[in-house]
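Heads up, the thing below is written out as structure tokens.
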Amino acid sequence: MTISMLIPVCDYDIIALVYSMKSCIGRIPELAEIIIGNDGSSPEYTAKYKTLEGDGVRVIDSPVNIGRAAIRNRLALEAKGDFLLFIDADTMVPATAEAYLHKWIPVMSYARVACGGVIYHKSPPGDPDKILRWKYGRKKDELKASDRNKRPYQKFSTFNVLFDRTIFSKLRFNEDLRQYGHEDTLMSYQLKKAGIKIHHIDNGLLHEGIESNREFLNKTKLGIENLSKLYDMITDKIGFSATVRMLQIYNILRIFRLTLILAGIYIRYRERMEIKIDSSNPQLWLFRFYKVCLFCTYREIHGRRKILPSINI
């Protein structure tokens, strides 16, 4: 069985990552190829990616940005391996690429979908403006496989994931989700509906692309909006909610008729909350509360589109 490593990227320096992985081609027979999905990058970065081609590395170009879901689907169509290993561009191996890849080889014999996990540097970033993403990642994302396997569908992530290509070809990422956020949530739901187990192993990659507090806040808003839209699209809302912690919280709040109150809190106190979150010492409890209030606000907007039409979220 062979692996195709697939790296979607847009305007990010992946030179060191690819050279590290490329050194294993030929030495690890299971690694068939590395395919870079250049999703509408600038000419400067496109030229850099071209220098990586050869010796088992290919670049698939999209002249315009087609989105996270579409570029991953295109990479899968181009791949030759029996398994598809998707890794995000802003990663790096914590030890050696060889050790990382060797951990995937036995997994192919018993799992059809497996997540390797994410690792963050133990020391906080030198730039205090990036502390929010680091703190949140260390608390929420950096979990041992034993913990992730307790809630395998809720903890599914496309950051570092291995698919049996026959499974992926049947499901694929939903290309209607052009905006950032929760394409992995939808994939997790589809896997659960299809009865396909997700296995989690301890084979994490370092998350190097830490955004600034403001960038992370903006991405959070996009993701929450996408989740609200997804909730409207899904007919089996009970099944979908079982894979998403935010929806479970929302449904409890709705039973107690608290959602409109929390939406009102967001509208009134949004700026104050964002100032405290966008600081050198953000409190994660406040960030979580902010996200719940934001989701309740989007539910009010999406559920009653004639109400609050001009709110700047």
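Criterion applied to LEU75, LEU6, LEU17 was being touching a Pro at 6+ places or on another chain (Cβ under 8 Å), under 17 Å from PHE159 (Cβ atoms) and at pLDDT 95 or above, and the one residue passing it is LEU75. Every test in (1) more than 18 Å from the chain's Cα centre (by Cα); (2) on the phi > 0 side of the Ramachandran plot is passed by GLY67 save one, and that test is (1).
Yes/no per residue for (1) buried (at least 21 other Cβ atoms within 10 Å of the Cβ); (2) of a type in the set (A, V, I, L, M, F, W, C):
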{"residue": "ARG74", "(1), (2)": "no, no"}
{"residue": "ASP90", "(1), (2)": "no, no"}
{"residue": "VAL107", "(1), (2)": "no, yes"}
{"residue": "ALA114", "(1), (2)": "yes, yes"}
{"residue": "LYS122", "(1), (2)": "no, no"}
{"residue": "LYS135", "(1), (2)": "no, no"}
{"residue": "ARG138", "(1), (2)": "no, no"}
{"residue": "THR158", "(1), (2)": "no, no"}
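Of the residues making up the range 97-136, those that are closer than 16 Å to HIS207 by Cα, outside any helix (DSSP H, G or I) and touching a helix residue (DSSP H, G or I) at 6+ places or on another chain (Cβ under 8 Å) are CYS115, GLY116, GLY117, VAL118, TYR120, HIS121, PRO124, PRO125.
Scan the range 254-274 and tell me whether some residue there is basic (Lys, Arg), in a helix (DSSP H, G or I) and either within 14 Å of THR185 (Cβ to Cβ) or in contact with a Pro (Cβ under 9 Å, 6 or more places away or on another chain) (or both). No, the range 254-274 contains no residue that is basic (Lys, Arg), in a helix (DSSP H, G or I) and either within 14 Å of THR185 (Cβ to Cβ) or in contact with a Pro (Cβ under 9 Å, 6 or more places away or on another chain) (or both). For the range 42-70, the set of residues classified as touching a strand residue (DSSP E or B) at 6+ places or on another chain (Cβ under 7 Å) and of a type in the set (Gly, Ala, Ser) consists of GLY56, SER62, listed by residue number. Evaluation of ASP202 against the conditions (1) surrounded by fewer than 18 Cβ atoms within 10 Å (Cβ to Cβ); (2) touching a Phe, Trp or Tyr at 6+ places or on another chain (Cβ under 7 Å); (3) assigned to a loop (DSSP other than H, G, I, E, B); (4) in contact (Cβ under 8 Å) with a residue 40 or more places away in the chain shows that the sole unmet condition is (2). LEU186 fulfils the conditions (1) buried (at least 16 other Cβ atoms within 10 Å of the Cβ); (2) at pLDDT below 95; (3) within 24 Å of LEU31 (Cβ to Cβ) except for a single criterion, (3).
The values are calculated or read from the model by the stated rules, or taken from the named source; none is laboratory data. Everything numeric in this text was worked out from a predicted model, so none of it was measured. When we count neighbours, we look across all protein chains shown, and the Cβ atoms used for this are built from the backbone with ideal geometry, even at glycine.
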